[in-house]
1. Quick check on my filter: what residues within segment A:215-255 are polar (S, T, N, Q) and either closer than 22 Å to A:F189 by Cβ or open to solvent by 30 Å² or more (accessible area, probe 1.4 Å) (or both)?
2. Hey, can you tell me all the residues within segment A:3-39 that are open to solvent by 80 Å² or more (accessible area, probe 1.4 Å) and closer than 18 Å to A:S170 by Cα?
3. For segment A:221-259, which positions are touching a residue at least 24 places away in the same chain (Cβ under 8 Å), outside any helix (DSSP H, G or I) and within 14 Å of A:S211 (Cα to Cα)?
4. Within segment B:120-137, is there a residue that is part of a loop (DSSP other than H, G, I, E, B), touching a strand residue (DSSP E or B) at 6+ places or on another chain (Cβ under 6 Å), within 14 Å of another protein chain (Cβ to nearest Cβ) and within 29 Å of B:I2 (Cβ to Cβ)?
5. Would you mind listing the helices (runs of 4 or more DSSP H) fully within segment A:373-482 where at least 3 residues are under 27 Å from B:I22 (Cβ atoms), within 13 Å of chain B (Cβ to nearest Cβ) and open to solvent by less than 40 Å² (accessible area, probe 1.4 Å)?
6. What is the residue count in segment A:492-519 for residues that are within 14 Å of chain B (Cβ to nearest Cβ) and touching a strand residue (DSSP E or B) at 6+ places or on another chain (Cβ under 8 Å)?
7. Could you list, in sequence order, the residues of segment B:94-122 that are out of contact with any Ser or Thr (no Cβ under 8 Å at 6 or more places or on another chain) and closer than 14 Å to B:F32 by Cβ?
8. Hey, among B:L76, B:L44, B:L70, B:L54, which residue is open to solvent by 20 Å² or more (accessible area, probe 1.4 Å) and either in contact (Cβ under 8 Å) with a residue 12 or more places away in the chain or within 19 Å of the chain's Cα centre (by Cα) (or both)?
Amino acid sequence: MFSQWMVGIAFFLHASPRYRHAKKFFYNLLENPAYPYKRFFDYTMMVLIVISVYILILHVKHEVSPKWIFFNNYVVSFIFFIEYMLRLWVYSDTSKIVIEQYEHDVFIQRPFNYFNALRTIFKNKLTFVTSTSSIIDMLAIMPFFHEFRILRVFILFRVFKLFRYSRSLSQLVSILSSKKFEIFTLGIFAAVIILVSSVLIYVMEAHNPESKINTLFDALYWSVVTIFTVGYGDFVPVTDEGRIVAMAIIIAGIAVISFATSIVVSAFTEKLDQIKEEKLIDDVGKIDQFYLICGYSPLAAEVARQFIRHGNKIVILELDKEKVQQAHKDGFTALAYDSGSLHSYQAIKIDIPSQAKAVILLRESDVLNVYTALTIRELSKKVPLLSILHQDENRRKLSFAGINEIVYTQELIGLISKEVSGRPVAFEVIHALRSENSGVFIEEIGLDATMAERFFEIAKLPLFHKRLIVLGIYKTSDRKFLFNPSTDLIIKEGDVAIVIATRSLIDEFQTLMYQKGKR
Amino acid sequence: MIYKSALVFGFNEYAKQIALQISGEYPSFAVFVMTEAEKTFARLAGFEAELFDLSEDWKSIEERFNINELIVFCALDNDAENVFLTISLRATFENLPIIALAGDHESAEKMKSAGANKVMPILQITAGIISEMLEKPTVTEVLHDIFYEDSKLKIAQITVSKGSFVVGKHLHDIDWGNEYDVLVLAIVDFQLGATFSFTSRGHNHHIDPDDILVVIGYEDKIAAFSKAMEVSV
């Protein structure tokens, strides 16, 4: 009966879009650094921690309003408690564990062993509960349960929670933890020296009435401040033997400090590339819209330059690390990942459907471009794909791979050559319009309902009449271009106007259409 | 100037596409190559090719073509060789129209210095097309149709004849769009220099004989417009 109920609930939750959506939302908010709203959540929690510690410090010597005490002990703690429970919830997928156990048992034709499922769930959750960050979270909630003065110190554990919300702090911990063995060895070395020197100095000094080192604790304190080269001078050896011990411990202290410094420096040096890459991945995750360029070559660099010149953002994926370094030198955002591997997109946390305006395939062969195209198509069916074509005989294969636009440079050059030789002036005119170096632009303006309604009214104004050429209207509904349209043409929302004019005139034209529309 | 002969130097994939596009446009056409391999490649593509080397004195060209009606395309594989070819052609034929391919902007500048009339930097052209296709897809589609597809919408350059009724008028005096259903994009005003000026710049040019108007319109409208242009005042 219980097992049936358990499986029923698990299947219900697993199939419920609302439940899954809610869980995904909280997971993103708590754990996914690429989630755009996570940083607002993190900032809020950091502010709560700062307020909490401020109240604690203020309370030492001043009266704090009971409202603030209540806020600190209950409201903040309650928020942290909710956060803790949410983290516990999203840590593992309980319904999935139950379903997997159920399906496993059905497959091998035995009754559902709910005990096994419960055990797996418990083990999973226990892993969370016993993790360091989780213990800190739990201690930070403590004042919620107790109002004893001594327990207020647990508020300080909230400071440690900052590690959760600040990536830099987490990185510091992870860098140092990569040198656990060295730090442990150093600790043992320092502890042995402190222990030996404490005993020695005690033996040498304690019997001397002029010495201030009278207890083993005094000796330990002196050893610690000496080995770490602090040397306050409040306890000093007075006997010759004691001074010899002091000299030895000072030399050992230099060794300890040097060792510690070298550990930290080498840890940072080793992790520097990784830190930079993580920062870059974080930055890429925060870009709303960009063009994704797969492969880095002189052509890719030129394409990237053109996009950036037009105010767009670009991200380059290139497997060859030397080429990536070159891309960085050229001033582009580039990551050393294989654009043809699904794993890459998971690792760099790029969401192709929402972030990529288009993907441009500029890898060194048609084979690689087709492979990359199929990978991208697995991630998104809709994102526009443009590829360079290296061998004309592969054109159909590129089309089959779902590439929307194919650029075959050789053919392009052939077509342009024909124009250059046949109509050189006409070609120069169009080329100048396209290159935008002449100050006159050919621009497409997507029209909304109000702009469509006002289009001809504005175009007829004396300001535009002879200097803004309306080349035509592209009717998106029937995919037809209407050249030199008469003013009685009905333009609809979504149609595109192609105009030729100077940049300032085009901007003015768009502004006026918009302003008129607003009225 | 209407050329009657065209000559392509080199036969790589670019030269092949140039040859395919222009060979039908000229009564006399030839391919000159530097290696036997290129010669074979050209033959396979359906073109007869002749061997040349960069030290040649170009007599074979003078014997075969009327230099005053010839246009050449320099499309050798190597940019340095292409520059050398351009400079040696220019040294021999002062007025020969030379169109050269260049890998990038840097080579393009060298080609211009060597005397090429028009240089096509492959890298920049390709990058420009890629960014335009994604940024301005409608513009790209329309211009592609006008230039390269069998569309009825065409771009043309019309030279103003001496007795034309437009001579003496200003560019903005005529409502080209309403009267002739064509749009005048630019004018080559020889009184102000040999380069073109955009109509959109707003300068009201005085139209003189031999000025060139660059117009866009449907084939039949352009034909009618050309005819109307010839009508005397």
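The values are calculated or read from the model by the stated rules, or taken from the named source; none is laboratory data. No experiment lies behind these values; they were computed from the predicted model shown. Using ideal geometry, Cβ is built from the backbone for each residue, glycine included, and neighbour counts are taken over all protein chains shown. To get the accessible areas, we keep the full protein, side chains included, count just its heavy atoms, and leave off ligands, DNA and RNA. Shrake-Rupley method; radii C 1.70, N 1.55, O 1.52, S 1.80 Å.
1. Restricting attention to segment A:215-255, the residues satisfying the condition of being polar (S, T, N, Q) are A:215, A:223, A:226, A:229, A:239.
Once the filter is applied, which keeps residues that are polar (S, T, N, Q) and either closer than 22 Å to A:F189 by Cβ or open to solvent by 30 Å² or more (accessible area, probe 1.4 Å) (or both), segment A:215-255 yields A:T215, A:S223, A:T226, A:T229.
2. A:R39
3. Passing the criteria: A:V236, A:P237, A:V238, A:T239.
4. Pass one, segment B:120-137, residues part of a loop (DSSP other than H, G, I, E, B): B:136.
From what is left, the residues that are touching a strand residue (DSSP E or B) at 6+ places or on another chain (Cβ under 6 Å) are B:136.
Within this subset, residues satisfying the condition of being within 14 Å of another protein chain (Cβ to nearest Cβ) are B:136.
Next, only the ones that are within 29 Å of B:I2 (Cβ to Cβ) stay: none.
No, because not a single residue in segment B:120-137 is part of a loop (DSSP other than H, G, I, E, B), touching a strand residue (DSSP E or B) at 6+ places or on another chain (Cβ under 6 Å), within 14 Å of another protein chain (Cβ to nearest Cβ) and within 29 Å of B:I2 (Cβ to Cβ).
5. So the answer is A:409-422, A:424-435.
6. Qualifying residue count for the region: 12.
7. B:L96
8. Step by step, each of B:L76, B:L44, B:L70, B:L54 is checked, and only B:L54 is open to solvent by 20 Å² or more (accessible area, probe 1.4 Å) and either in contact (Cβ under 8 Å) with a residue 12 or more places away in the chain or within 19 Å of the chain's Cα centre (by Cα) (or both).
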